[in-house]
Amino acid sequence: MADKITADLVLTGGTVLTFDAAGTESTALAVAGGRVIGLGDVDHLVGPDTRVVDLYGRTVLPGINDSHLHGAWLGALWPGTLMGAGGMGEGAAAPQLTSPAERRAAITKAGDIVAALGITSYTEPGLGPGEDSGQTGCFSTGVLDEYAAMAAEGLLRARVTVLRLFGELDGPSTLADFERGMASRVPATDPRWLDITGVKIFADGIPPMRSAWTHRCYADGSQGHLLVDGTDPAEREANLRKMIDLAHRAGAQIGVHATGDRSIEVTVSAMADAIEAHGHAGRHYLIHGDLVGPDVLARLPGLGIGLNTQPGIAVLTAPWLAAALDEDAAAGAWPLRRALDLGVRVCLSSDAPVIEPDWRRWVAAAAEWMAAAPSPELMRHLLRAYTVTPAVQDGAESWKGTLEIGKAADLCVLEANPLHAAPADLPHIGVTMTVVDGRVVFEA
Ligand SMILES: [Zn+2]
């Protein structure tokens, strides 16, 4: 007789939001071997060694995936954030990570912070040689190596996706450095814990600093420019296109920081050319996308290009954007509702430690930004953009992002059902438990 399969962990007596395609809700969930093995009636899966947790009406949802979060930087800065003092650049002073021990401490701290928030996956958007002599040491090759070492030792408390960086963070890059970087060694890792999926490119800066490349002139008459190096605008654009083509041909995912309408147009056009020329999509995505125009936005679904956007930053920087450009530009910026309506692959994220990583605040900010009437459907949309959709961005939707039988047991438990909460109340709903790969990594 085969051994009876028993659960390691059972959560029962509450609501389980599976976020599967049918929107199935259940009352209990069983976990074994890091995977979901039962939903609904799970009593038969309880054995002598099963930990049974009574939810007392609380709600289980898939673990949060903050798909743009600088973990090592967050760990080094916390409890500070860049905008913590309420102004651009008036936040916490730059930390410095100089030794492997400091890098490990920062990553460990990030693991604590995200576990307490129910975050079970995040993307480190930019680690690599471009920052090896950087001011903070938070984005260096050494940080990536430390992640790889910790993953190998089983010490990560969240799954991490990494985009490599061959220029400076928020700064210039050259085609030569990019080519050298693409040819350089990638650490071998277990992709379920540390997946190095591609590259990050900085196309431009940000509108409030007048460094986004725009059609419109800023109040001082300037229009920004591409950060990619070149002798003139045409060469800058040509080099950005070459970078995108090279990375795409190599099968790398490409995340491009692009905020101005002009840099977004060039980026999407270059991605479209690469996809057409080489015949495969790449799960590429725009990061931020502040001033993305309606025509470009409408092209994204057909090209399979996603939008990774930060409603918290949209709300907090709106006055600066209006001051740098004008009220019209500010009113059309961060078109979250239109992107969702068009079926763009929208991921919501924090960009912590630019702002804090508390996704509950940024889901509320998204609802505020969209001026949407509260409804369970709205909440489901926004929460999917923090769970299901980022798993697609990670290329991991076959095994994480929803709570279905056989999928990874990455989940969090909330004090109340977020679908029935007003968005503004979401930040007050406590996270009481976080489970990654079937293991409890946080418990209130
Ligand atoms: Zn960022």
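Computed from the coordinates by the stated procedures, all read-outs in this text should not be read as laboratory data. Fair warning: this is a prediction, and the values are worked out from it, not measured in the lab. Quick reminder, even Gly has a Cβ in these numbers, built from the backbone with ideal geometry, and neighbours come from all protein chains shown.
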Average projected area of the Cα convex hull of the chain, in nm²? 21.4
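For the range 132-227, what class follows from the C-alpha gyration tensor (a ≥ b ≥ c being the square roots of its eigenvalues): rounded when a/c is under 1.5, otherwise prolate if a/b is larger than b/c, else oblate?
On the way: a/c = 2.82, a/b = 2.24, b/c = 1.26.
Cα axes put the range 132-227 in the prolate bin.
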Just order 315-327, 61-73, 271-283, 156-168 by mean Cβ neighbour count inside 10 Å, highest at the front, would you? 61-73, 156-168, 315-327, 271-283
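Assign unit charges at the C-beta atoms only (+1 for Lys and Arg, -1 for Asp and Glu), then state the dipole size of the chain relative to its Cα centre in Debye, rounded to the nearest 20. Can you show the working numbers first?
Details: 33 positive and 54 negative charges, 103 e Å.
Rounded to the nearest 20 debye, it is 500 debye.
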Taking a cut-off of 23 Å between Cα atoms, list the lysines near LYS242, but don't count ones fewer than 8 places away on the same chain. LYS200
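Sort the following peptides by mean Cβ neighbour count (other Cβ atoms within 10 Å, averaged over residues), highest first: 368-380, 290-302. Intermediate values should be presented prior to the final figure.
Working: 368-380: 15.2, 290-302: 18.5.
With the highest mean Cβ count within 10 Å placed first, the list reads 290-302, 368-380.
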Please compute the net charge surrounding ARG164, taking Lys and Arg as +1 and Asp and Glu as -1 over other residues with Cβ under 10 Å from its Cβ. 0
7 Å from Cα along Cα→Cβ at both GLU377 and ASP295: what's the point-to-point distance in nm? 3.2
For the pair ASP49 and THR98, how long in nm is the line joining their label points, each one 7 Å along Cα→Cβ? 4.7
Report ³J(HN,Hα) in whole Hz for each residue of the range 410-425, in order, from the Karplus equation J = 6.51 cos²θ - 1.76 cosθ + 1.60 where θ = phi - 60°; Gly and Pro get x. 10, 7, 9, 10, 10, 4, 9, 6, x, 5, 9, 9, 5, x, 5, 8
Could you size up the charge dipole of the range 12-153 around its Cα centre, putting +1 on the beta carbon of Lys and Arg and -1 on that of Asp and Glu, and report it in debye to the nearest 20? 160
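Quote to one decimal, in nm, the extra length available between ALA331 and HIS280 on full extension: 0.36 nm per residue of separation minus the C-alpha distance between them.
Working: separation 51, 0.36 × 51 = 18.36 nm, distance 3.54 nm.
Using 0.36 nm per residue and subtracting the Cα-Cα distance, I get 14.8 nm.
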Take GLN223, project a point 7 Å from its Cα along the Cβ direction, then tell me which residues of the range 287-303 have their backbone nitrogen under 16 Å from it. 293
Less than 12 Å Cβ to Cβ from ASP190, Lys/Arg counted +1 and Asp/Glu -1: what total charge do the surrounding residues give? -1
So how much slack lies between ASP273 and ASP425, counting 0.36 nm per residue of separation and subtracting their Cα-Cα distance, in nm? 50.3 nm
Below 24 Å, Cα to Cα, which lysines can LYS407 reach? Residues fewer than 8 away in the same chain don't count. LYS4
Rounded to the nearest 5, the percent of antiparallel DSSP beta bridges in the chain equals 40
The summed charge of the LEU419 Cβ neighbourhood (under 10 Å; Lys/Arg +1, Asp/Glu -1) stands at -1
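Taking only DSSP H segments of four or more residues, each worth -39500 (n - 2.57), what value at 222 nm results for the chain once the sum is divided by all its residues, to the nearest 500 deg cm²/dmol? Can you show the working numbers first?
Working: 13 runs with 143 residues, N = 444.
It lands at -9500 deg cm²/dmol.
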Quick one: helix 294-303 against the long Cα principal axis of the chain, what's the angle to the nearest 10°, folded into 0 to 90? 60
Around LEU39, which amide H atoms from residues at least 5 apart in sequence, or from another chain, sit under 5 Å from its own amide H, with H modelled in the peptide plane? ALA30
